[in-house]
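These notes are about the structure you will find just below.
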Amino acid sequence: MVVEPFRKAACNARRAQYDGVEIHAANGYLLEQFLSDGTNHRTDQFGGNIENRFRVLREVCTAVIDAWDGDGRRVGVRLSPSGTFNDMADSDWMSHWTYIVRELDKLGLAYLHVVEPRIDGSADRYTDRETKIPRTWRKTWRNIWSGTLIGAGGYTRRTAEAALRNKDLDLVCFGRKFISNPDLPARFAAAARSDAGLREASRAQGRRGSNDKGFHTEEGEIGGEEREEDDDDVSFLCPYERETFYGGGAQGYTDYPFWRKGETS
């Protein structure tokens, strides 16, 4: 009963000529409720140890891949290992989620899309959450995940660039910033050009980079906090209106302005 709707949805997506689908196994919804031992209290073949709790997600992935004639490259999976929304919790966080990532890797999926520890549902957790999650998680999973690894949650342009440059991730997702900035790539490009100008001026004064404002230094480090409110690109970006999220109307979704060269928001 749980698996069939996912298979049918994948068939419908294919019929509609989608290129692929993402299985949402994150953010405290049904599939994650099976994965988490804080919510999965079943005593049958779908509960108990991590092998059993993973069973539903495995069956869903297999059914969806089959809907694409066995082509796992048409299917991605989203996880939020550190989320607590809907009472998500794990007694052995690193072991459980490492098992899940390793098993998903065997399916030949297009990508793994992971929500960062600093995001909890729709809220930001920049410090408290990170102190509870092993900082080695990304490196560990990078070693066992052979496909494309995508990160999401609380990234700024600079922290995203650092994650890509350091090969921590292959791709970085932006959600809230894209809602309020429909031309986000153009705005980021303009901010990057501004950064380049500032660095050139800094070198001309005999300095090599700067990290008091979060600039990348010559060694590739990131200065400053990874906090959205401290994003130095703020003059290039429209702020989003959180109170309009999930409102169901046009306000806060389709009424944000496009940026024009020479202007700041």
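The values are calculated or read from the model by the stated rules, or taken from the named source; none is laboratory data. Please read all numbers here as calculations on a predicted model, not as lab measurements. Positions of Cβ are generated from backbone atoms using ideal geometry, with glycine treated the same way; all protein chains shown enter the neighbour counts. Note: accessible area is taken over every heavy atom of the protein model, side chains too, but ligands, DNA and RNA are not part of it. Shrake-Rupley method; radii C 1.70, N 1.55, O 1.52, S 1.80 Å.
What to note about this one:
- The C-beta contact set for segment 48-61 (first residue at negative phi and surrounded by fewer than 21 Cβ atoms within 10 Å (Cβ to Cβ), second residue assigned to a helix (DSSP H, G or I) and aromatic (Phe, Trp, Tyr), distance under 6 angstrom, 6+ apart or interchain) comprises Ile50/Tyr99.
- Gly47 being farther than 23 Å from Ala152 by Cβ and over 22 Å from the mean Cα position of the chain (by Cα): yes
- Screening segment 14-45 for residues that are without any contact (Cβ under 8 Å) to a residue 40 or more places away in the chain and open to solvent by less than 40 Å² (accessible area, probe 1.4 Å) and picking the one that is farthest from Val114 (Cα to Cα) gives Asn40.
- Residue in segment 144-173 that is farthest from Glu116 (Cα to Cα), counting only those that are in contact with a Leu (Cβ under 6 Å, 6 or more places away or on another chain) and among the hydrophobic types (A, V, I, L, M, F, W, C): Trp145
- Condition met for His96 (at pLDDT 95 or above and either in contact with a His (Cβ under 6 Å, 6 or more places away or on another chain) or within 18 Å of Tyr29 (Cα to Cα) (or both)): no
Residue-by-condition table, conditions (1) modelled with pLDDT under 75; (2) open to solvent by less than 50 Å² (accessible area, probe 1.4 Å); (3) over 28 Å from Val77 (Cβ atoms):
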| site | (1), (2), (3) |
| --- | --- |
| Arg142 | no, no, no |
| Arg157 | no, yes, no |
| Phe188 | no, yes, no |
| Ala204 | yes, no, yes |
| Gly209 | yes, yes, yes |
| Asp212 | yes, no, yes |
| Glu226 | yes, no, no |
| Asp233 | no, yes, yes |
